[in-house]
Each structure stands twice: as C-alpha cells, then as structure tokens.
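Since the structure comes first, as structure tokens, the remarks are kept for the end.
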Amino acid sequence: MLPEPAPVPDPAAPAAAYPAPRLYVDGAWIASTAATVRLTDPATGEPLGELPLASDEQVLAAAAAAQRAQAEWAASTPLARFQVISRATALLRERAEAIARVMTLEQGKPLSESRREVLLSADIIEFLAEEGKRAYGRLVPPRTPGVVAQIVSPVPVGPAALFTPWNFPLNLPARKVGAALAAGCTAVLKPSEETPGSAIALAGAFHDAGLPPGVLNLVCGAPARISELLISAPQIRKVSFTGSVPVGKSLGVLCAQRVKRYTAELGGHAPVLVLPQVDVQGVAALSVAAKYRNAGQICTSPTRFFVHESVADGFIDAFAAGAAAQRLGHGLEPGTTMGPLSNARRLAEVGALVRDAVERGARLVCGGAPRPGPGHFYAPTLLADVPASARIMREEPFGPVAIVNRWTRLDDAIGLANGLPYGLAAYLFTQDLGLAHRVAARLEAGMVGVNQFGISQPETPFGGVKESGLGSESGSEGLAAYFDTKLVTIGAG
Ligand code: NAD
C-alpha cells in the first residue's frame with residue numbers, strides 16, 4: 001500500500017523563498033542572459049525561477065578570469081587563504097536556514113537533510129582550508145657533493161573546471177571548490193542546471209567574504225557544451241567531475257587528449273553483506289534510514305543486500321515495516337522523511353527497473369509504484385529474491401529501491417558483491433570483527449562501512465575503484481588532487 005500523500009505547501013511561498021538565480025564571473029553577478037531554463041519544485045512541479053544560461057563567450061570569460069586571478073591567489077599564503085575561506089564558511093553557517101530551504105525547494109530532500117548538508121559543507125571547506133596550512137613538501141638529501149638542497153614542494157595545479165550533479169547541490173561543490181581554493185587554485189564551477197541555487201549561495205558567501213574577483217566563477221548552460229569548452233580551454237589545468245559513469249568516461253577522454261589532471265566520482269551499486277547472528281532489527285533499522293535518505297539518490301546508497309539465509313526473512317520483514325513507516329511529502333513539510341525524486345528522468349528509470357525485475361520473477365515486498373498526483377514521488381520499495389537476469393542487479397537504481405537476496409556461502413556473497421564494474425562503497429554487518437577485517441580486505445570498493453553506513457566525513461577520503469572513479473575527494477587526499485609536485489635543486493653556486 002502506498003503511503004498517504006502529504007499536504008503540498010502553498011506554491012507561492014516556496015517561489016518567494018527561492019532567490020533569482022544568477023551566474024558569477026570575474027567577481028560580478030550576471031542576472032540575465034539571452035537564454036534561460038525554468039527551475040521547478042520536484043515535489044509540486046511549480047516554477048521556482050528562470051536560470052540564466054551562459055553564452056560560449058561568457059564561459060570562456062570565466063576561464064580567462066580564473067587564469068588572471070591564478071598567479072596572485074597561488075602566491076598568497078595558506079594562512080591568508082584560510083582567513084578568507086573561513087569568513088565564507090562562517091557566512092554559510094549564518095545563512096544555513098535560507099540555503100537549506102533553497103536546496104529543498106530545488107532538489108526535494110527533507111529540510112532536515114538540507115540543513116545537515118549545508119553545515120557539513122561548511123565543515124568540509126573549513127577542513128580543506130586548515131589542511132592547506134599543512135601541505136608540506138620535503139627536503140631530499142643530495143647524492144652528489146656540491147648540491148646544497150633538493151626541495152620538493154606541492155604547487156597549485158592551476159585553474160580548475162568543476163562539474164557537479166543535482167543530488168548533493170552544495171556538498172559536492174564544497175568538496176571541489178574547498179580543495180581547489182585551499183590549494184591555491186582558482187576555479188570555474190558548473191553546478192547542475194536543475195539545482196543551481198545552493199551553489200550560487202556558496203559563490204555568494206565567498207563573494208561577501210572578500211574573495212578576489214576571478215578566483216571562483218560559476219556558469220550554467222548546456223553541460224556537454226560547457227565541459228567541452230572548459231576542458232579545451234588552455235587556461236584550465238585540472239578537471240573534477242561527479243556524476244554518471246558514461247559522462248565521466250567522456251570527460252576523461254577530453255582530459256586525456258589534453259593531458260589534464262582529472263578526478264572523477266562516478267556511480268556505485270553498493271552491496272551490503274549481512275552475516276549470521278547479527279541484531280536483525282537493528283541492522284534493518286539502520287539500512288532503512290540509509291536507503292531512503294535523499295530518496296536513494298546517493299552514489300553510496302546501500303542497494304544490493306546479500307543476507308545470510310538464517311536471518312533473511314526477519315530482515316525482509318523488519319525492512320518492509322521500516323519502508324512502510326516512511327512519510328512521503330514536500331521536504332518543507334514537518335514530519336516528511338522522504339521527498340520526491342529530483343527529476344522526471346529518475347521517476348521513469350526507477351519505475352522501469354522495478355517493472356523489469358518483477359517481470360523476471362522478483363518478489364515485490366512493498367512499494368513499486370509512483371505516488372499519484374503532482375511531483376516525482378515514488379514509493380519506498382523493497383524487492384526480494386531478485387534473479388541475476390534483472391537489470392536492477394547490474395544497473396544503479398539511484399532511487400528508493402532496495403534488493404534483498406539470500407546466501408549460504410560467504411565466498412559466494414563476496415563474489416556477488418564484487419561482481420559489477422562498480423567499486424565505490426560496500427557495507428558489512430557482523431559481530432565477528434576479525435572476520436570483518438578479512439571480508440573488508442576482499443571487497444573491491446574504495447570505502448567499506450562495517451556495522452554502519454557513515455563513510456563520508458570531511459576528514460576521510462571519499463572515492464571509488466574500478467569504474468566508480470579516479471582519485472578521492474575530502475581528507476588530505478582531496479586537497480592533494482589540486483597540487484602538482486615541483487622539484488628545485490640548488491647547487492653551491
Ligand atoms: P547524466 O549522466 O545526464 O548527468 C549526471 C550529471 O552530469 C548531471 O548533473 C549533468 O548536468 C552532468 N552532465 C551531463 N553531461 C555532462 C557533460 N557532458 N559535461 C559535464 N557535465 C555533464 O544523468 P542524470 O540523469 O542527471 O543522472 C543519472 C545517473 O547519473 C544516475 O543514475 C547516477 O548513476 C548518476 N549520478 C551520479 C551521481 C554521483 O554522485 N556519483 C550524482 C548524480 C547522478
């Protein structure tokens with residue numbers, strides 16, 4: 001049975017809370033351009049505003065502005081950069097409530113999730129700026145008499161082009177912009193054209209904090225055109241992308257052709273191994289909360305649950321009860337635990353994957369249909385005993401759908417977990433911590449959560465293996481992605 005529709009808020013109020021979107025180039029705001037795209041609230045379909053789209057000339061002007069600002073920003077000290085960046089993070093925290101509302105209106109997630117995202121984004125940026133003060137080089141002892149010093153230093157790569165998607169409209173820009181600016185790189189950010197508002201608020205915080213013109217620029221437009229222009233632009237020396245595997249590969253080709261440094265955070269299809277003798281109710285409760293957060297539109301969302309046969313039925317029952325307790329509604333409505341999907345593409349694709357699985361023999365335990373009425377709502381869904389032939393066993397649903405399959409031999413379960421080209425996150429629940437270490441070592445994933453789903457922190461690296469990506473963000477690794485290594489050797493003279 002589908003959860004009851006929650007009341008939809010007055011559409012006039014959301015539009016009033018959504019500031020007119022603007023682009024930001026060379027320290028100046030651009031409020032109107034020749035072409036625009038309409039922004040809508042995914043929970044109601046109501047318009048929020050018109051996003052100006054940059055012309056080719058404006059995109060290239062942003063790259064040129066980043067280049068002009070690069071030398072001075074790189075020459076400033078890490079402490080000076082920290083000071084301006086921490087003024088911006090203070091403004092983000094001050095403005096958290098307003099930015100969270102913008103995020104919920106344009107993306108759909110519950111307001112409580114948006115608030116956490118804004119505050120976490122401030123923490124991420126601040127951590128990276130702190131870490132910038134600790135980006136040490138080293139002195140290598142010379143092997144030749146008469147060489148006085150061999151100095152190895154991290155130096156900023158140069159202007160960066162940063163591409164971010166719609167599922168975490170502030171967190172993903174924060175990881176990239178925070179690292180680039182802390183390392184002494186200038187940047188051109190292209191947020192998603194569907195959820196630009198909180199990235200614009202990020203640029204606003206930096207502007208009001210006194211960031212010099214050109215250090216951060218923000219443009220929107222046709223994604224393929226902007227990425228081609230920016231990656232081809234001689235001024236851009238570093239590219240970072242978060243999004244789907246196919247787009248990530250195509251940007252990787254463009255970077256390879258021009259020998260530009262590239263970081264890619266792509267998709268995942270996270271397995272969860274549930275071993276015997278766990279607290280089934282407790283594991284199911286954690287799993288439900290992790291699965292339906294952001295309506296499942298998270299690259300690390302737990303999706304393929306491989307549960308030992310001795311606990312599988314209890315796990316399915318407890319998970320289904322948790323799914324039924326989700327309250328769907330507008331993210332601004334108090335009590336909403338799951339908002340709509342962010343766009344019509346996801347609603348169509350999630351529906352198609354679920355239908356395909358059921359046609360091939362999967363058991364639909366709960367959900368499995370869109371909610372009637374306005375907005376891109378899809379019921380929290382659980383599929384059990386899904387055959388390997390179902391598309392959803394290979395293709396990331398990126399929506400509120402969990403799969404529970406049973407196993408008897410741990411080796412088989414590990415084989416299933418590792419059986420896809422993805423390798424972003426994997427999870428494991430067991431009371432045997434010795435076994436947990438051994439299984440974690442065999443899981444082909446950039447991040448493994450044992451007995452918990454919390455794998456993304458400002459201080460720890462976030463990244464995947466196999467087709468899930470190249471390199472890491474956050475942690476000291478996230479900063480290192482914006483440095484080249486330079487050697488200076490000094491003779492006696
Ligand atoms: P998509 O591949 O069209 O777009 C993904 C993101 O990349 C969007 O933000 C889009 O604006 C941007 N993009 C698309 N083409 C681009 C280009 N040539 N240059 C630069 N940016 C470009 O898919 P979608 O419909 O938006 O999302 C579908 C799939 O994308 C999901 O199923 C999921 O697998 C993946 N995705 C992953 C993440 C992540 O966090 N890794 C985030 C969002 C989407």
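Going through region 402-480, which GluC sites (Glu not before Pro) have at most 14 other Cβ atoms within 10 Å and a DSSP loop state?
Here the sparse-neighbourhood loop sites are 459.
So for the chain, averaging the separation of alpha carbon pairs under 8 Å that are six or more residues apart and normalising by length, what relative contact order in percent results?
That works out to 19 percent.
Can you give the log10 of the normalised intensity I(q)/I(0) at q = 0.23 Å⁻¹, computed with Debye over equal Cα scatterers of region 245-356?
Those come out to -1.30, one per q.
Over what distance in Å are the Cα centres of region 418-447 and region 31-57 separated?
42 Å
Could you give the semi-axes, largest first, of the ellipsoid that matches the chain, computed as the square roots of 5 times the alpha carbon gyration tensor eigenvalues and rounded to whole Å?
39, 29, 19
Longest segment of the chain with no trypsin sites (Lys or Arg not before Pro) in a DSSP loop having at most 15 other Cβ atoms within 10 Å?
On the way: sites that count: 133, 134, 143, 327, 360, 394, 409.
Counting only loop sites that pass the neighbour cut-off, the longest clear stretch is 144-326.
Region 82-176: which chymotrypsin sites (Phe, Trp or Tyr not before Pro) are DSSP loop and have at most 15 other beta-carbon atoms within 10 angstrom?
Here the sparse-neighbourhood loop sites are 136.
Where both residues lie in region 315-446, what percent of DSSP beta bridges are antiparallel, nearest 5?
45 percent
Please work out the C-alpha center-to-center distance from region 320-379 to region 291-319 and express it in whole Å.
15 Å
Going by alpha carbons, how many degrees (0 to 90, nearest 10) lie between the helix axis of 96-107 and the longest principal axis of the chain?
It works out to around 60 degrees.
Below 8 Å between Cα atoms, with a sequence gap of 6+, how large is the relative contact order for region 270-457 in percent?
27 percent
Report the extension gain between residue 155 and residue 408 in nm, rounded to one decimal, defined as 0.36 nm multiplied by the number of residues separating them, less their alpha carbon distance. Walk me through the numbers on the way to the answer.
Details: separation 253, 0.36 × 253 = 91.08 nm, distance 5.22 nm.
Stretched out fully, the residue 155 to residue 408 stretch lengthens by 85.9 nm.
I'd like to know which of 460, 492, 284 lies farthest towards the positive end of the charge dipole of the chain, counting +1 on Cβ of Lys and Arg and -1 on Cβ of Asp and Glu.
492
Antiparallel as a % of all DSSP beta bridges within the chain, to the nearest 5?
Antiparallel: roughly 40 percent of the beta bridges in the chain.
Which of the lysines could a cross-linker bridge to residue 486, judged by Cα under 28 Å and excluding same-chain residues fewer than eight apart?
Within reach: 133, 176, 238, 260.
On a C-alpha basis, how far is the centre of region 84-116 from the centre of region 166-234 in Å? Whole number, if you could?
Their Cα centres are 16 Å away from one another.
If you fit an axis through the alpha-carbon atoms of helix 344-359 and take the longest principal axis of the Cα set of the chain, what angle between them do you get, 0 to 90°, nearest 10?
Orientation of helix 344-359: about 40 degrees from the principal axis.
If you take every DSSP beta bridge fully contained in region 242-390, what fraction is antiparallel? Give it as a percent rounded to 5.
35 percent
Which value, in nm² and rounded to one decimal, describes the direction-averaged projected area of the C-alpha convex hull of region 367-493?
Value for region 367-493: 13.6 nm².
Gain in length, residue 389 to residue 37, computed as 0.36 nm per residue apart minus the alpha-carbon separation, to one decimal in nm?
Details: separation 352, 0.36 × 352 = 126.72 nm, distance 3.92 nm.
Gain in length upon complete extension: 122.8 nm.
Starting from 0 in steps of 10 Å, tell me what percent of the Cα-Cα pairs of region 270-457 lands in each bin.
Pair shares across the bins are 10, 40, 37, 12, 1, 0.
Once you have the Kirkwood Rh of region 277-332 from its Cα pairs, apply Stokes-Einstein at 4 °C and 1.567 mPa s and quote D in µm²/s.
Using the Kirkwood radius from Cα pairs, D works out to 107 µm²/s.
Bear in mind these aren't lab numbers, they're just calculated from the coordinates by the rules spelled out. The structure displayed is predicted, hence computed values, not measured ones. Backbone-built Cβ (ideal geometry, glycine too); neighbour counts: all protein chains shown.
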